[in-house]
Amino acid sequence: MSPSTFIPRPALSSAASAALTSHGVPLKTLEEACKGCAHDDSDDLETYPKTFDVDLDSEMLGSVNYYGRQILIATGKSDWDREVTDDPESLPGLLKSAYELATTCSDGGRKGTGLLNKTFQKPKIVKGDDAPLPEGSVYKGVYPSIVAPPPLKASTSAVAPDSTETAEVVEPPRLSILTGSFLSNSHEDDDHSVIVLPDFKIVHHVSAKASSVKAFVGSHLHPSVPRPGLSSLTSSKTRSYPLPYRALVLICSHKRRDKRCHIAAPLLINQFHHHLAEHDLEMDERGDSLGSSDERPLEAWPLEERESKMDEALKGVRIGEGRVGVFKCSHIGGHRYAGNVIIYLPNGTSIWYGRVTPRDVGAIVQTTLIEGKVIPELLRGGLGLAGKSGFEEGIESGLRLFWSRNERYFRKEKIETDVDKIDIIGQLLLGPELTVLLVDM
C-alpha cells in the first residue's frame with residue numbers, strides 16, 4: 001500500500017454527526033484533513049504485516065467507557081503484564097483496591113466508607129444500547145470532563161469510616177489505571193511518578209504502600225477532589241505540578257494484550273516526531289520535562305489559591321514553549337481498532353482516536369492539535385468535547401491571541417476592534433472546548 005494512498009474509514013452515523021454538531025463539537029472530515037498532509041516516506045505503510053487486521057466494520061464511536069479520571073504510572077517500559085492491576089502489591093493493584101474502597105459503601109449508601117464527605121454505591125452495570133449515559137454526555141462515548149466544567153467542591157478533611165454524616169448517593173465515575181513508558185522522577189525504589197488526567201498534572205513520590213496509596217486517592221483521585229488536589233507539604237511527601245505540555249499524546253503499545261498495538265505504536269511515534277517538528281513543537285518521549293520543577297508545587301499554595309495558580313500555569317503552557325508529551329501506554333480497550341491514540345489538552349479535554357495509521361498523524365497534528373478540531377472517522381470517544389464561544393486577549397509573535405470558554409467574555413483590556421472584521425489566520429493547540437484563534441488585526 002502506498003503511503004500517499006488515502007485510506008477511507010467508516011463515516012459516523014447521521015445520528016452521531018447530528019449530536020456532535022448540535023453540541024458544538026468542531027468536526028473536520030478525515031479526507032479534508034488529509035488533503036495536502038505531508039508524509040514521511042521513511043515509514044511506509046507497507047511495514048504493517050499482512051496479518052495486521054483492523055476492524056473497519058463495527059461502529060467505533062461509543063467504544064470508550066465512561067471514566068472520571070485516568071492515571072498513567074511511570075515504568076520506563078513499553079509492554080507490561082496482561083492486566084497491570086493483577087498484582088495486589090504493585091502500585092496499580094493497590095490503587096485499584098484503594099479507589100474501590102474509597103468510592104463504595106457496604107451498606108447501600110447509608111454510611112460512608114469513602115475518604116471524603118460524598119458516599120457512593122456500587123453501580124448496577126447495564127451494557128449495550130440500554131446503558132444510561134452520564135449527565136452532560138453528548139453521545140455514547142462522548143462524556144463530560146470531571147475538570148471542565150470544574151469538579152464538585154470537596155471537603156478539606158477526610159470523613160472517618162464510622163461517621164454518621166451522609167450525602168447524596170451517586171454512582172462513582174470509573175478510575176482508569178494505565179502504565180506508561182515515561183521515566184519516573186521519584187528516585188526511591190518504592191516511589192513512583194503518576195500523571196493524573198484529565199487534571200493535567202503529575203504527582204511525584206507516590207509510594208507503593210497501602211497507607212500512602214490511601215492518602216493519594218483521598219488527596220488526588222477521589223471524585224470529590226478538585227483538580228489541584230488536597231495534599232499539603234506537611235501531610236504528605238507527594239509533590240504535584242501542572243504538566244508542562246501543550247498536549248499529551250498516549251499511544252497503546254501493550255503487546256501482551258494485542259500485538260497490533262505493539263506494532264502500530266512505534267510507527268505512529270515516528271510520524272509524531274516528524275510532524276510535530278514541522279510545527280516547531282518539541283516532542284518529549286521520555287518525560288524529561290517532568291522533573292521536579294523549580295516552581296512551587298501545588299501543595300505549597302493555600303487550598304483556596306490552588307485552582308487559580310494551576311489555571312495560570314496551564315495557560316502559560318498554552319501560549320509558551322511548544323512542547324508535546326508522547327508516551328506509550330498499556331491497554332486502553334478497543335485493540336481491534338489499532339492504532340489507538342488518546343490526546344489530552346490542558347483545558348480538561350480528551351480525544352480518543354482509533355484506526356489510526358501512520359499517514360493519519362500529520363492530519364491529527366494539524367487538525368486536532370493545531371486547529372482544535374475532531375476527525376469524526378477516527379473518533380472513539382472523549383471527554384469535554386463540546387465547543388464554546390467568547391474571547392480573551394493575549395499576545396504572541398506580533399499576533400493577537402484569543403481563546404474561548406463557557407460562552408462568557410474575558411478580556412485583559414478592552415479591544416477597540418470589530419470582532420466580525422478580525423481576520424482569523426489560524427488556530428492554536430487548546431482543543432475543541434477551548435479553541436484558540438490567531439488573528440491579524
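List of remarks:
- Whichever residue in the range 234-253 is charged (D, E, K, R) and surrounded by fewer than 23 Cβ atoms within 10 Å (Cβ to Cβ) and, among such residues, is farthest from the chain's Cα centre (by Cα): 237
- Sole exception among (1) in contact with a strand residue (DSSP E or B) (Cβ under 6 Å, 6 or more places away or on another chain); (2) not in a helix (DSSP H, G or I) for residue 369, by number: (2)
Conditions (1) of a type outside the set (Val, Ile, Thr); (2) modelled with pLDDT under 90; (3) not in a loop (DSSP other than H, G, I, E, B), marked per residue:
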| residue | (1), (2), (3) |
| --- | --- |
| 20 | yes, no, yes |
| 32 | yes, no, yes |
| 38 | yes, yes, no |
| 42 | yes, yes, no |
| 49 | yes, yes, no |
| 53 | yes, yes, no |
| 57 | yes, no, no |
| 62 | yes, no, no |
| 66 | yes, no, no |
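- No other residue among 341, 324 is under 23 Å from residue 179 (Cα atoms), at pLDDT 95 or above and buried (at least 24 other Cβ atoms within 10 Å of the Cβ) apart from 341.
- Filtering the range 204-222 to residues that are within 19 Å of residue 241 (Cα to Cα) and part of a loop (DSSP other than H, G, I, E, B) leaves only 222.
- Check on residue 199, at pLDDT below 80 and outside any strand (DSSP E or B): no
- Within the option set 231, 211, being surrounded by fewer than 24 Cβ atoms within 10 Å (Cβ to Cβ), of a type in the set (Ser, Thr, Tyr) and more than 26 Å from residue 83 (Cβ to Cβ) holds for one residue only, 231.
- When we screen 237, 214, 255, 259 for residues that are out of contact with any Ser or Thr (no Cβ under 7 Å at 6 or more places or on another chain) and at pLDDT 95 or above, the only hit is 214.
- Single match in 276, 314, 290 (criterion: modelled with pLDDT of 95 or more and either within 20 Å of the chain's Cα centre (by Cα) or among the small types (Gly, Ala, Ser) (or both)): 276
- Flag if residue 332 is farther than 16 Å from residue 199 by Cα and out of contact with any His (no Cβ under 6 Å at 6 or more places or on another chain): yes
- Boolean, residue 370 is surrounded by 24 or more Cβ atoms within 10 Å (Cβ to Cβ) and either under 15 Å from the mean Cα position of the chain (by Cα) or under 18 Å from residue 245 (Cα atoms) (or both): no
- For the condition surrounded by fewer than 19 Cβ atoms within 10 Å (Cβ to Cβ), modelled with pLDDT of 90 or more, over 16 Å from the mean Cα position of the chain (by Cα) and charged (D, E, K, R), residue 309 qualifies.
The values are calculated or read from the model by the stated rules, or taken from the named source; none is laboratory data. All figures in this text were calculated on a predicted structure; none of them were measured in a lab. Note that we place each Cβ from the backbone using ideal geometry, even for glycine, and neighbour counts take in every protein chain shown.
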